[in-house]
Structure formats: C-alpha cells, structure tokens
Amino acid sequence: MNRRTFLETMGGGLAAASPALAASKPNLVILFADDLGYGDLGCYGHPTMRTPHLDRMAVEGVRFTQFYAAAPVCTPSRAALLTGRLPIRSGLTRVLFPYSDGGIQDNEVTIAEALKPAGYATACVGKWHLGHLPQYLPTRHGFDRYFGIPYSNDMARPFATGPRYNPGPPLPLMRNEEIIETNPDQAELTPRYTAEATAFIRDAARARKPFFLYLPYTFPHVPLFASARFQGKSARGLYGDVVEEIDWSVGEILGALRHNKVDRDTLVMFTSDNGPWLIKKEEGGSAGLLREGKGSTWEGGMREPFLARWPGRIPAGTVSAEFGSTMDLFPTCLAAAGLPLPPGIAYDGQDLGPYLRREKSGREALLYYYSDTELRAVRKGPWKLHVASNAPWDGPPGVQKHDPPLLFHLLHDPSERYDLAAKHPDVVRELLGAIEEHRRTLTPGALQR
Ligand code: MG
C-alpha cells in the first residue's frame, strides 16, 4: 500500500466516527532545541544556566538519561524524528543548504501526515531544514500551518560567507509557503515562535480539535541571539541567555496548555537535534560528561536531554535510564493517538509509551550511529562499538578508522574512555555481526543534496 492509499483509507475509515474519536485523542507537542547538549540544562547538571521551566517539566514527568538524536547534525536528525526512520532510509543524510535542491520526498510519511486522518490540527513553528523548495515545505508534508525559517540561521550573509553564498539569498522568514520577511531580527525569533505556538494551541483548543505542535527552535544554534529581556541576564553569558529564553518559551507553552484547559490531555516532549557545537567554543554548549559534540558519533554528538510530561499518565518525578531515540517519537505519537503504523514502511523506533508510564522496563538499547551515509558505530545493550570516528566536525585529525574496533561499556563508562575490545572479543564479534546484518538488510533512499 502506498502512502496516499494508506492516508485515504485511514481518512475514510475514521470519517464516520471522527467527532467522538477526536474528543478522546490526546494532543501531542514536540519541542526540539537546536545544538543543545546533554549538559546544558539545570536538571542535567549545568552549574550556572537557569532552566526552571524545563526543570519543573522534568519533576512533573520523566527525565531520560539514555536518549538519542538519530544523527549528529540538523537535517538528518529532523528527518529521523518526523519519519521514525534512520536518515539513510529517507536519503536525508547530510545538512541541506540554501543552494540544495533536495528535501523530504513524498513517499515519506511524517508524524503530522499520519495524524491528519484522525482529525488532528497540525503546526510546525520554527526551523524546518528538510528542504526549502515548495514541494518540501511543511505545508506539503502534513502541517496545516508553518511559521519559521526553512534552514539554519547561519546560512545567509553576513554569517555565512564565501562563493557558495555570494550572491546567496538573505535568510527567509516564512508563513506557510510565503516569504514574509528577509533577514528577520533574530533576537525576536524565540518570542515570535512562542506567540505562534500559543496561538495555535488556543485555536485548536477552541475548535475542540486534537492537535500536534512541532516546535523546532532556531537556537541555541550559532549565531546566538536573545531578546532584550534575556540579553546579559545569564551567568553563562550569551549562550545562557539564549537557553534561558528557550526555557521561558517552554514555560509559556505549558502555561498555554493550562490556560486552555488541555494540560491533562497533552503529551509534551522536549529534546534536541544534536550535541553542542564545540568548535564554537564559548558560543557552543556542553555535552556534560559525554565525549565530543555536534558532528561526531561519540556520545556527545547524539545523546540528548529528553523530558516527557503528561499529567495523570506519566508518573511524576521519574528519572529513567531506559534507552530511547527520536525515532521512537513517531510510533509513540501514533500509539498515543490510537493509530496503527502505516503498513509497508521500515521503522527504526518503537512506542515509548509503556516506558514513559513505567509499565515496562529493561528495553535493550540498539542504535546505529551514522555520519552522512557512513555507519561509524553501533550500540547494543550496554556496549558501543566504533569502527570509525571523527573529532571534532571532521576537522583534524579527520576521520579515523578503528581496526581493530573500539569497544566501550556505556553504563560503566559513559565518557567512552576505556577501550575494552581486547578484553571482550566475543562482544566485538557480535556487534560486527550486527553491523553486517544491518548493512545487508537496509534499503537506502535516494540521497538528497
Ligand atoms: Mg542542530
């Protein structure tokens, strides 16, 4: 069954019962920071940044310590979150630029598209980065509304320079499919996204429609901007101002849910697309005790904060070491909405619901770490095997092949310091076998550039 047939079937099947069904559907909110590291929130141990709203969200719900983005850079990470699939399957393995002509293909089903037939109102507010040409925009992939910038905030002059950007387009701010401003005041982006998001929540609640809000923030990706209210306020400097403003925004979103009386009917999740951009030094974030950051398949590049809150459904005050990834959010959202996964599509995640509710525990970690199209590491259970790595950002010393591979026990050694390959040749063999099997059975998508 192709995607269109699936959506039509779902839509037809639910049409008769839709008012009653819609009333029982939970709202789903995904808040997605850009380049925020594992160590960048108060509740993850940052010593000087103040993130009271996120810290409270953690106390009112669950905070994960072993949750991953599916890639160490923006575009593939977003593709994986919205489709529930490894980026290699959708071909969105590399960061897209203003001169790229690739993007998300029509045969991919996003969370928004999968929820539409069940009567969901859907909005994307923020940084899209899955293609800026019309056929790739959020409004063509399941979202009723879009407001934001279609790619990273450094992809236009004066932040990006060189022949690729000259004459290069100015940074577009879009509403749906129209460019409404160019080079917008970036200091106002977080407040403007917040206003759009809270207006969407209000509209959907008034219409008594279940809703899906996907809010990929532009920050703390460099260049950093905070609005006047937050500038110069954080002990952590400008990076802290920016993160503290995102924290404020999360507080506003949670407040809007309460104000519109849908707080108890809404699953809210917060995470980040990839680790901190360490080569930006003080303007980049922190991966805490994890090794490396953005662009790297060491843990700091992909392990992220993850908070989930759903009053009455997710037990409050839980810290969970269960494994999870952004690829789980597609099946998690669909299961929460009572919908089956679209048939005939290979998914890489599973429903996290039972783990969020603490009905189940002990899920075995399984994650393939890719850099672009290259598989560099695998995690299975507590073990992580590297066959290649880079640090940082493919800068010196560049990509290093590891033959023999490196083996780390992530529960004992989350910082990946002590190679145990020589001590556990059986584990090395097993994980090399897993890589071989994965490569043999995977069907890559057409590469988008
Ligand atoms: Mg990013």
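The values are calculated or read from the model by the stated rules, or taken from the named source; none is laboratory data. Not measured: the values here are computed from a predicted model. All Cβ positions, glycine included, derive from the backbone under ideal geometry; neighbour counts span all protein chains shown.
On the stretch given as region 153-204, residues that are of a type in the set (Lys, Arg) and assigned to a helix (DSSP H, G or I) total 3.
Filtering region 362-379 to residues that are in contact with a helix residue (DSSP H, G or I) (Cβ under 7 Å, 6 or more places away or on another chain) and closer than 18 Å to residue 320 by Cα leaves only 363.
Here is a yes/no grid of residues against (1) touching a Cys at 6+ places or on another chain (Cβ under 9 Å); (2) at pLDDT 95 or above; (3) more than 13 Å from residue 98 (Cα to Cα):
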{"position": "158", "(1), (2), (3)": "no, no, yes"}
{"position": "161", "(1), (2), (3)": "no, no, no"}
{"position": "175", "(1), (2), (3)": "no, yes, yes"}
{"position": "180", "(1), (2), (3)": "no, yes, yes"}
{"position": "202", "(1), (2), (3)": "no, yes, yes"}
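A search for C-beta distances below 6 Å between a residue of region 76-97 that is in the same structural domain as residue 137 (by TED's automatic domain parsing) and more than 23 Å from residue 29 (Cα to Cα) and any residue that is among the β-branched types (Val, Ile, Thr) and within 16 Å of the ligand (Cβ to nearest atom), counting only pairs 6+ apart in sequence or on different chains, returns 92/75; 95/73; 95/75; 96/75.
Name the residues in region 304-324 that are crowded, with 24+ Cβ neighbours inside 10 Å, more than 16 Å from the ligand (Cβ to nearest atom) and under 23 Å from residue 381 (Cα atoms), would you? Correct list: 307, 308, 324.
Within region 419-449, the set of residues being of a type in the set (Asp, Glu) and under 30 Å from the mean Cα position of the chain (by Cα) comprises 419, 430, 436, 437. Residue 107 fulfils the conditions (1) part of a helix (DSSP H, G or I); (2) touching a residue at least 40 places away in the same chain (Cβ under 8 Å) except for a single criterion, (1).
The requirement of being modelled with pLDDT of 95 or more, more than 16 Å from the chain's Cα centre (by Cα), at negative phi and not polar (S, T, N, Q) is fulfilled somewhere in region 320-330, by at least one residue.
Restricting region 256-285 to residues that are surrounded by 24 or more Cβ atoms within 10 Å (Cβ to Cβ) and either over 16 Å from the mean Cα position of the chain (by Cα) or not assigned by TED's automatic domain parsing to the domain that holds residue 39 (or both), which is nearest to residue 211 (Cα to Cα)? Ranking the qualifying residues of region 256-285, first place goes to 266. If I ask for residues that are more than 16 Å from the ligand (Cβ to nearest atom), farther than 27 Å from residue 251 by Cβ and in contact (Cβ under 8 Å) with a residue 24 or more places away in the chain, which ones from region 141-196 would you list? Selection gives 141, 142, 156, 164, 165, 168, 169, 172, 176, 177, 183.
Return yes or no: is residue 347 outside the structural domain of residue 84 (by TED's automatic domain parsing) and within 18 Å of the chain's Cα centre (by Cα)? It is false that residue 347 is outside the structural domain of residue 84 (by TED's automatic domain parsing) and within 18 Å of the chain's Cα centre (by Cα).
Condition check for residue 129 on (1) more than 16 Å from the ligand (Cβ to nearest atom); (2) within 17 Å of the chain's Cα centre (by Cα): one failure, at (1).
All conditions in (1) within 16 Å of the ligand (Cβ to nearest atom); (2) outside any helix (DSSP H, G or I); (3) over 23 Å from residue 189 (Cα atoms); (4) not basic (Lys, Arg) hold for residue 301, with the sole exception of (2). Checked against (1) among the aliphatic types (A, V, I, L, M); (2) surrounded by fewer than 21 Cβ atoms within 10 Å (Cβ to Cβ); (3) more than 16 Å from the ligand (Cβ to nearest atom), residue 205 passes all but a single condition, namely (2).
Pairs meeting the criteria (first residue in region 210-236 and assigned by TED's automatic domain parsing to the domain that holds residue 330, second residue within 13 Å of the ligand (Cβ to nearest atom) and in a strand (DSSP E or B), beta carbons under 6 Å, at least 6 apart or on different chains) are 216/32; 217/33. When 344, 275, 288 are checked against the criterion of being more than 19 Å from residue 359 (Cβ to Cβ), within 16 Å of the ligand (Cβ to nearest atom) and either in contact (Cβ under 8 Å) with a residue 60 or more places away in the chain or small (Gly, Ala, Ser) (or both), 275 stands alone in meeting it.
Taking the criterion of being assigned to a strand (DSSP E or B) and either within 16 Å of the ligand (Cβ to nearest atom) or crowded, with 24+ Cβ neighbours inside 10 Å (or both), the residues of region 36-95 that qualify are 62, 64, 67, 68.
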